[in-house]
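The values are calculated or read from the model by the stated rules, or taken from the named source; none is laboratory data. It should be emphasised that the depicted structure is a prediction, and the values quoted were computed from it without experimental measurement. Here the Cβ positions follow ideal geometry from the backbone for every residue, glycine too, while neighbour counts run over all protein chains shown.
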Amino acid sequence: MKKLITIAVLALSLGGCANFQNAWGIVSGATVSPVAVYVARNSFDAAEVSATNYIVFCKVHPATYGCSKVAIARLIPAVRSGRVARNNLTQFQKNNPGALGPAGLYNALNAATNTIQAISAQYNTTAVAP
């Protein structure tokens, strides 16, 4: 009987721990809402399309005014890291529907999006007609 009581107390304490960890994750910013993840993914997708079009066009037409090898060299790793973060967040949401996403991947996705946008602004990549 004592073993049953001990097991019940242990189970209740672990259940409370899981709820506490979930609440702590929300308060501490360790997790991000599914809506925020969705918005971040769409923002990255738009930036990725623009950057990819620029890269492809400038690789085919390198002499075009506005094409920069430096911009391409900086865009490629930003696009790649953003894809990894986006794909991992997407997989997380498929595996855990409605669950809060990990903040680390969310932050990496936002960082990649911001980097692409900064490079695009610096080199005016949108002015290059693909």
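Go through (1) closer than 23 Å to T31 by Cα; (2) touching a residue at least 40 places away in the same chain (Cβ under 8 Å); (3) surrounded by 16 or more Cβ atoms within 10 Å (Cβ to Cβ) one by one and return the number of the condition I119 breaks.
Here I119 clears every test but (1).
Among the helices (runs of 4 or more DSSP H) lying completely within the stretch 1-109, list those that include at least 2 residues that are touching an Asp or Glu at 6+ places or on another chain (Cβ under 8 Å) and at pLDDT 95 or above.
69-95
Considering the stretch 41-66 alone, what residues qualify as being farther than 16 Å from A118 by Cα and crowded, with 16+ Cβ neighbours inside 10 Å?
Within the stretch 41-66, R41, F57, C58 meet the criteria.
Yes or no, residue by residue, for (1) over 24 Å from Q122 (Cβ atoms); (2) acidic (D, E); (3) outside the structural domain of A118 (by TED's automatic domain parsing):
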site: V39; (1), (2), (3): yes, no, no
site: D45; (1), (2), (3): no, yes, no
site: F57; (1), (2), (3): no, no, no
site: P62; (1), (2), (3): no, no, no
site: K69; (1), (2), (3): no, no, no
site: I76; (1), (2), (3): no, no, no
site: Q93; (1), (2), (3): yes, no, no
site: A99; (1), (2), (3): yes, no, no
site: A103; (1), (2), (3): yes, no, no
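Can you say whether Y106 is over 11 Å from the mean Cα position of the chain (by Cα) and buried (at least 18 other Cβ atoms within 10 Å of the Cβ), as far as the supplied structure shows?
On the way: over 11 Å from the mean Cα position of the chain (by Cα): no; buried (at least 18 other Cβ atoms within 10 Å of the Cβ): yes.
Spelling it out, it is not the case that Y106 is over 11 Å from the mean Cα position of the chain (by Cα) and buried (at least 18 other Cβ atoms within 10 Å of the Cβ).
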